[in-house]
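Every number in this text was worked out from the coordinates using simple rules, so none of it is lab data. This structure is a prediction, so every number in the text was calculated from the model and none was measured. A quick note on method: Cβ atoms are made from the backbone with ideal geometry, for glycine too, and the neighbour counts reach across all protein chains shown.
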Amino acid sequence: MTENNQNYALIKKLPLKVPDQYMGLITLNRPDEMNPLNWATVKALRSALQTLSPDPSVRVIAITGAGRAFSAGGDLKAYMYLYRHETEYRGFLGDMRETFDSMATLPQPVVALINGYCIAGGIELMEACDFAYAAKSAKIGDGHPNFGQIGGAGGNIRLPRWITPPRARELLFTGKLLTADEALEWGIVNKVVPDDKLLDAGLEFANIMVDKSPLGTKLTKQICNLGLNMRLEDALHMEIQENVHYCVSNYDSYEGLEAFDAKRPPKFEGR
């Protein structure tokens, strides 16, 4: 059960409007099985993130699925084995948790491109991203209760923080699936687009971000994510400290001010 097939998560670097800048695209690649998150897929996803995140030319990371699903969730057949082998099961959950948790610390924004069914482990993966765009035909929900399961990759914790707690409970308790438009209304996704425009929407977002300071984006993401887990007073203090240090010590901040004064586009360098 420790197989690691890199083909389960394919990587592409798609060019943006700025030369030598890219959106890194990770595609979960088990379309015949609706991209279940078995151990091999989780390891392949983690490897893909570790390949893209240190690359300064990659300004945004997008995650999607091949075929008709983003991910239909965990591999239930594999669970039948893992439940009987506790050490391996704990190892699998640990890898999944660490992989999803690591996405909050990446310097790039991570956007989920929800191309179809996004259920159970799939919605947990979506919640680990910073943004979510959905194809019109997407179906989104937490299928764990339909099979006597509960989420183990952060969904019970992240979903009530992603949307309102009552609506999160409705999904977590019932296993119902939302349409893309309903998911937009509930605040689960940022945008709904036609099915054939999903990748274009991801690239459009990446092309907005490519003009921004990479260091500013990294620090803002860090502040937002850390602040969610802190007392308000402590979070506000942390924000001030981070911003003071940021504004007085890095090139991009001064470049932004100088570009404004000179009425020219800034040329950020991520430092």
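Key figures for this structure:
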{"read-out": "Any hit, segment 233-256, residues being acidic (Asp, Glu), exposed (fewer than 13 other Cβ atoms within 10 Å of the Cβ) and not in a loop (DSSP other than H, G, I, E, B)", "value": "yes"}
{"read-out": "Residue match in segment 175-191 (condition: under 22 Å from Ile26 (Cα atoms), touching a Lys or Arg at 6+ places or on another chain (Cβ under 7 Å) and not in a loop (DSSP other than H, G, I, E, B))", "value": "yes"}
{"read-out": "Test set (1) farther than 30 Å from Pro56 by Cβ; (2) in contact (Cβ under 8 Å) with a residue 60 or more places away in the chain; (3) out of contact with any Gly (no Cβ under 9 Å at 6 or more places or on another chain) - Tyr117 fails condition number", "value": "(3)"}
{"read-out": "Qualifying residue in segment 165-180 (condition: in contact (Cβ under 8 Å) with a residue 60 or more places away in the chain and closer than 24 Å to Ala104 by Cβ)", "value": "no"}
{"read-out": "Top-ranked residue of segment 28-54 - restricted to ones that are within 30 Å of Asp211 (Cβ to Cβ) and touching a Gly at 6+ places or on another chain (Cβ under 7 Å), ranked as surrounded by the most Cβ atoms within 10 Å (Cβ to Cβ)", "value": "Leu28"}
{"read-out": "Condition check for Phe268: more than 16 Å from Thr105 (Cα to Cα), among the aromatic types (Phe, Trp, Tyr) and in contact (Cβ under 8 Å) with a residue 24 or more places away in the chain", "value": "yes"}
